[in-house]
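Here's the structure we're looking at; comments come further down.
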Amino acid sequence: MIFNVTAPRSLVVGAGALVAVQVVHAAVPGPSEVSGSLLGPIVGLGLLVSSVAALVGATRGRPWARSVLRTTGAIVAAGFLLYHAIPVKTPLNYPYWGKATANFWQWLPVLAAMAVGAWCVRLARSTPALAPVAAEP
């Protein structure tokens, strides 16, 4: 039986989705009742750069792209959860609850970023899933 490793195309799609969801989040203004932490835009820019690097690396078939996508996806998923989704305000976050309650369109990219980040972690796992391929006669 011959095995074929999952196509790197999935890494390109995942990295592209991670870039897209972060750009959409940046384009949608958050609730204006409270100001956010400066940490968000700075870390967000760093994660966007890392996502673009994973996209370029995956597109070019670089072996390091998998680990960059996995790490960036995990940080994006956890970061959006901690920065926007917990209902506790600290000097380091900008929760979309309480005085700064977000609407559906503001929540959508946040939830999408958490989901896409987690999906990228799964896509970029160290051992790609193996799929059986029919042997030629």
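Read-outs throughout are calculated quantities, based only on the coordinates presented, and are distinct from any laboratory measurement. Please read all numbers here as calculations on a predicted model, not as lab measurements. Please note: Cβ atoms are built from the backbone with ideal geometry, for glycine as well, and neighbour counts cover all protein chains shown.
Work out, step by step, the length gained on full extension between residue 43 and residue 88: first 0.36 nm times the residue separation, then minus their alpha carbon distance; give nm to one decimal.
Values: separation 45, 0.36 × 45 = 16.20 nm, distance 1.94 nm.
14.3 nm is the gain from fully extending residue 43 to residue 88.
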Inset, instruction - Can you find, among 116, 41, 87, the residue farthest towards the positive end of the dipole of segment 32-124? Put +1 on the C-beta of Lys and Arg, -1 on that of Asp and Glu. - result: 116
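So what is the relative contact order for segment 32-124, in percent, with contacts set as C-alpha pairs under 8 Å and at least six apart?
Numbers: 100 pairs, mean separation 32.8, N = 93.
For segment 32-124, the relative contact order is 35 percent.
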Inset, instruction - Please give the FRET efficiency for residue 125 paired with residue 101, using the beta carbon to beta carbon distance and R0 = 41 Å, rounded to the nearest 0.05. - result: 0.70
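Determine, for 80, 104, the number of other Cβ atoms within 10 Å of each Cβ, and report the residues in order from fewest to most. Each step should come with its number before you reach the end.
Values: 80 25, 104 7.
Going from least to most buried by this count: 104, 80.
How much length, in nm to one decimal, is gained on full extension between residue 23 and residue 62, taken as 0.36 nm per residue of separation minus their Cα-Cα distance? Could the numbers behind the result be given before it?
Values: separation 39, 0.36 × 39 = 14.04 nm, distance 2.37 nm.
Full-extension gain reported as 11.7 nm.
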